[in-house]
Amino acid sequence: MTDGKVYYHCVPPVKAIPCLTPFGMKLETYLRMAGIQYEAVYGRRTGPKGKIPWIKYNGKAMGDSGLIIEFLNKEKGVDLNKNLSDTDRAVSRAFTKMIEENTYWGIVQYRWIDNFARLGELFTLPWYGGMVLRIVKNKIKNNLWAHGLGRHSKEEIEAIIEKDLKAVASLLGTKPYLFGDEPTEADAAVFGQLSEIVWTAPGSYLHRIVTQDCPNLHAYCIRIKDRYWSDWDQLTGNAQKDQ
C-alpha cells in the first residue's frame with residue numbers, strides 16, 4: 001500500500017450504478033469533487049463499524065462516510081464548504097442529516113420491502129442468494145421499525161419522503177448546486193441518495209418525484225454524473241464497444 005493514498009472499500013459496481021449503497025456513491029463522489037487520489041477496492045467485507053463503505057489510509061481502517069470526510073478534509077487540507085456562510089453551513093448539515101437519516105430509509109423501504117420481488121434484478125445472485133436476501137430483508141424490516149419510519153403505512157411513508165425530496169428541490173431551485181455555482185459536501189451527500197433513485201428505482205413513486213415532479217433534481221443528478229463520473233459507463237459495463 002502507498003502511504004498517503006486512500007483505499008476505498010465498497011461493493012462492486014452493477015449495471016445500473018457504480019455503487020448500490022448511497023453512502024458509497026456519496027463518499028466516492030466527494031473524493032472526486034475534492035480531487036483526492038484513491039483506489040477502489042471492491043468486495044463485501046465490512047469496515048471497522050460493520051458497514052460499507054470504508055477506507056484504509058496509511059494502514060488504518062476507518063468507517064462512516066461522514067467521519068471519513070471530516071478526517072480527509074483535515075488530512076488533505078480540503079474544504080468544499082469554504083465559501084459557505086455560517087447559516088449555509090447550518091442548512092447544509094440539516095439537509096444532509098434529513099436526507100441521510102430520513103429520506104434514506106424511504107429508499108430502503110422501497111428497495112427491500114415494497115420492491116423486494118425485483119431486487120435480484122439489480123445484481124447477479126449465487127444459487128443461495130434468495131435465502132440470503134430474505135434474511136437481510138427481515139433484518140432491514142426490524143431496522144425500519146426501530147427507526148420509526150417502518151411503523152407508518154405505505155401511503156404515510158410516501159408522503160413523508162415526498163416532502164423531503166421537494167424540500168431539496170426548493171433549496172436547489174435554479175442553481176447548479178445546492179449552494180451556488182460549485183458543489184459542497186452536501187451535494188455529495190444528496191447525490192448519493194438521489195442517484196440511487198434515478199438509476200435503480202425506475203417506475204417508483206421516488207423516481208416520479210425526482211424526474212417528473214421535481215425535474216431540477218433530475219437535471220442536478222445528470223449534471224453531477226456528467227462532471228464527476230466520466231467513467232460511469234465503463235464501471236457499470238454499459239460502455240459501447242468499438243465496432
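The values are calculated or read from the model by the stated rules, or taken from the named source; none is laboratory data. Note that this is a predicted model, so its numbers are computed, not measured. We place every Cβ from the backbone using ideal geometry, glycine too, and count neighbours over all the protein chains shown. Just so you know, the surface numbers come from the protein's heavy atoms only, side chains and all, with ligands and any DNA or RNA stripped out. Shrake-Rupley method; radii C 1.70, N 1.55, O 1.52, S 1.80 Å.
Given the range 133-179 reduced to its alpha-carbon atoms as identical point scatterers, what log10 I(q)/I(0) does the Debye formula return at q = 0.26 Å⁻¹? With one equal scatterer per Cα and no solvent, log10 I(q)/I(0) is -0.88.
Normalising by residue count, the range 1-69 has a Cα convex hull of 83 Å³ per residue.
Overall size of the range 119-228 from C-alpha positions, given as principal axis extents largest first: 47, 31, 25 Å. Measuring nothing but how far apart in sequence close Cα pairs (under 8 Å, 6+ apart) lie, relative to its length, the chain scores a relative contact order of 26 percent.
By the equivalent-ellipsoid construction on the alpha carbon gyration tensor, the range 180-231 comes out with semi-axes of 19, 12, 10 Å, ordered largest to smallest. Lys-Lys pairs in the range 39-102 that are eight or more residues apart or on separate chains and whose Cα atoms lie under 22 Å of each other come to 12.
Placing +1 on the Cβ of every Lys and Arg and -1 on the Cβ of every Asp and Glu, with nothing else charged, gives the chain a dipole about its Cα centre of roughly 780 debye. With Cα atoms as the point set, the radius of gyration and Dmax of the range 98-152 evaluate to 11.9, 37 Å.
Considering every pair of different Cα atoms, what Kirkwood radius, in Å, is found for the chain?
18.7 Å
Using θ = phi - 60° in the Karplus curve 6.51 cos²θ - 1.76 cosθ + 1.60, the 3J(HN,Hα) couplings for the range 20-32 round to 7, 9, x, 6, x, 4, 4, 5, 5, 5, 4, 4, 6 Hz; x is entered for Gly and Pro.
If you run the Gaussian network model on the chain, springs between alpha carbon atoms under 10 Å, then out of Leu144, Leu20, Leu217 the most flexible one is Leu144. Our compactness index for the range 64-184, the C-alpha radius of gyration over the empirical 2.2 N^0.38 Å, is 1.33. Relative contact order of the range 92-175, taken over Cα pairs closer than 8 Å and 6 or more residues apart, is 42 percent. Just Ala188, Ala219, Ala159 to compare: in a GNM of the chain, with alpha carbon springs under 10 Å, which one fluctuates most? Maximum fluctuation in the GNM of the chain, among the listed residues, is at Ala159. May I ask for the longest run of the chain untouched by trypsin sites (Lys or Arg not before Pro) that are loop-located per DSSP and have at most 15 neighbouring C-beta atoms (other than their own) within 10 Å? Longest site-free region, per DSSP loop and neighbour criteria: 83-240. Counting protein heavy atoms only, the chain has 50 percent of its accessible area on carbon and sulfur, 1.4 angstrom probe.
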